[in-house]
């Protein structure tokens, strides 16, 4: 961990006004639930956003998570198949649900 | 297990603690004392971290004792996963096109040399700041109250840029597009539209923040500044300005960042309001920077309460402090006003005599007489926008 912090500090220190050194946004491991459907969620959601984006929505209803999955497909154009739509919704509701259907 | 300890356990535990009983809608204090990450982002010190892609960083409470929020503590909120780094800033261009006589392609050098330079100090606040106060839990990142900050910005008037391009008769909308990019081609990019009459003299295209280049994560090299308005319109990494005759439909204008278009701006989960409006201007709000929750104070010692207050630019008239749960209120002392759009620092000294818990509340009133309501009085909206409840911090007197 110390090395990581040192590395990031060095990166910051080398930033100049013109960014001659490419800016590197750190990658963070968010503790997401792993079960048999984890990979289905991963291959559909991870294209565009971190797991932090999922975890920090709060506990939500099944309908909420279903609408989120639909929005990601219809508005943000994530290529989610009909079958994955169902699996991802169930995964999110199971681990990040509030036990309410609606 | 103490709530505070619980937050220490997991990096993103904030969301987990937000499960609600959700019987009826009831608003409460937003989450507080979230864990600060061990990882620092470029040009930032470690902050409360909700996501790395896109980056979402919140400023901890103790930063809000000062009128100016330092750049390395300033909150970060992006919508798109791909944020270009402009390695060669000399080749960066802001394109002005559409319904104009003379389309422009402006470099940062052009901005600094060809236009009048303007400086102003203003509060930048995410429309969803304090969203975690709402119950039932609304959609969106469950922010505490640190998705805000106040900085001094330097740049060029948007109006001056538009005038130099020469707007054609009938021009009435200005589209502003940031350079952050979606992953999927057809995905909507983050474009905002302003009606021409909304573009006042203090709407600027800024390249400097608190005397330094705009930090990368705050929109380097240029972003829009619209004092008084929520930050969803303050387009970062501004790259395209498009003038048009008619309003174009946009996801981030027509679907996101909207509230019920009724007097209370409220609705219920079972009865969502179909007529909505953009969130636009900020309401009056204050936030205690010191002491933070669970601070231990020795009995009979002086405590200097400090915090910040702001509104949409009418200015703060007073900030009242209560030490008895909101039954009685006393005026705090206000520091000098940097600008009517800036954080106004308030100070209040007291000497706790009895050991035990003491709750400190702060309530701001603006020059129009608008005062902050209690947290539980704030009514619900589906996006969890515009929370401005009276802030509350509980300390321990030992």
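The values are calculated or read from the model by the stated rules, or taken from the named source; none is laboratory data. Predicted, not measured: the structure shown is a model, and the values here were computed from it. Because the Cβ atoms are built from the backbone with ideal geometry, glycine has one as well, and the counts that use them run over all protein chains shown.
Taking only the range A:63-79 into account, find how many residues are under 24 Å from residue B:133 (Cβ atoms) and surrounded by 17 or more Cβ atoms within 10 Å (Cβ to Cβ).
3
When residues of the range B:218-256 are filtered for being within 14 Å of chain A (Cβ to nearest Cβ), more than 18 Å from residue B:95 (Cα to Cα) and modelled with pLDDT under 95, how many remain?
Adding up the residues that qualify gives 8.
For the range B:72-99, what are the residues that are within 22 Å of residue A:28 (Cβ to Cβ) and touching a strand residue (DSSP E or B) at 6+ places or on another chain (Cβ under 6 Å)?
B:74, B:75, B:76, B:77, B:78, B:80, B:82
Go through the range A:84-102 and give me each residue that's in contact with a helix residue (DSSP H, G or I) (Cβ under 8 Å, 6 or more places away or on another chain), crowded, with 18+ Cβ neighbours inside 10 Å and within 14 Å of chain B (Cβ to nearest Cβ).
A:92, A:93, A:96, A:97 - these are the residues of the range A:84-102 that are in contact with a helix residue (DSSP H, G or I) (Cβ under 8 Å, 6 or more places away or on another chain), crowded, with 18+ Cβ neighbours inside 10 Å and within 14 Å of chain B (Cβ to nearest Cβ).
Consider residue A:49 against the criteria (1) within 10 Å of chain B (Cβ to nearest Cβ); (2) more than 27 Å from residue A:26 (Cα to Cα): it satisfies all of them except one. Which criterion is unmet?
Every condition holds for residue A:49 apart from (2).
(1) away from chain A (no Cβ under 13 Å); (2) crowded, with 19+ Cβ neighbours inside 10 Å: which one isn't true of residue B:198, the others all being true?
Going through the list (1) away from chain A (no Cβ under 13 Å); (2) crowded, with 19+ Cβ neighbours inside 10 Å, residue B:198 breaks only (2).
On the basis of being on the phi > 0 side of the Ramachandran plot and part of a loop (DSSP other than H, G, I, E, B), does residue B:389 make the cut?
Judged against the criteria, residue B:389 is not a match.
Against the definition (assigned by TED's automatic domain parsing to the domain that holds residue B:242, touching a residue at least 12 places away in the same chain (Cβ under 8 Å), more than 14 Å from the chain's Cα centre (by Cα) and not in a strand (DSSP E or B)), how does residue B:152 come out, yes or no?
When the stated conditions are applied, residue B:152 does not pass them.
Each row is one residue, and each column tells you yes or no for (1) more than 14 Å from chain A (Cβ to nearest Cβ); (2) under 21 Å from residue B:279 (Cβ atoms); (3) in contact (Cβ under 8 Å) with a residue 24 or more places away in the chain.
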{"residue": "B:143", "(1), (2), (3)": "no, yes, yes"}
{"residue": "B:160", "(1), (2), (3)": "yes, no, yes"}
{"residue": "B:163", "(1), (2), (3)": "yes, no, no"}
{"residue": "B:180", "(1), (2), (3)": "no, yes, yes"}
{"residue": "B:183", "(1), (2), (3)": "no, no, yes"}
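Taking the range B:59-85 on its own, how many of its residues are closer than 29 Å to residue B:293 by Cβ and not in a loop (DSSP other than H, G, I, E, B)?
Selection size over the range B:59-85: 8.
Within the range B:199-237, count every residue that is in contact (Cβ under 8 Å) with a residue 12 or more places away in the chain and outside any loop (DSSP other than H, G, I, E, B).
17
Which number in (1) out of contact with any helix residue (DSSP H, G or I) (no Cβ under 9 Å at 6 or more places or on another chain); (2) buried (at least 24 other Cβ atoms within 10 Å of the Cβ) marks the one condition that residue B:318 misses?
(2)
Just need a number here: residues in the range B:341-379 that are in a loop (DSSP other than H, G, I, E, B) and buried (at least 23 other Cβ atoms within 10 Å of the Cβ).
The number of residues fulfilling the criteria is 5.
Residue by residue, here is whether (1) at pLDDT below 95; (2) touching a strand residue (DSSP E or B) at 6+ places or on another chain (Cβ under 7 Å); (3) more than 9 Å from chain B (Cβ to nearest Cβ) holds:
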site: A:7; (1), (2), (3): yes, no, yes
site: A:17; (1), (2), (3): yes, yes, no
site: A:66; (1), (2), (3): no, no, yes
site: A:77; (1), (2), (3): yes, no, no
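State the number of residues belonging to the range B:102-137 that are assigned to a loop (DSSP other than H, G, I, E, B), out of contact with any helix residue (DSSP H, G or I) (no Cβ under 6 Å at 6 or more places or on another chain) and at pLDDT 95 or above.
Total satisfying the criteria: 7.
State all residues of the range A:73-88 that are over 16 Å from residue A:37 (Cβ atoms) and assigned to a helix (DSSP H, G or I); if no residue qualifies, say none.
A:73, A:74 - these are the residues of the range A:73-88 that are over 16 Å from residue A:37 (Cβ atoms) and assigned to a helix (DSSP H, G or I).
Here's a check for you: in the range B:86-101, which residue that is closer than 14 Å to residue B:220 by Cα and outside any strand (DSSP E or B) is nearest to the chain's Cα centre (by Cα)?
For the range B:86-101, the residue satisfying everything is B:86.
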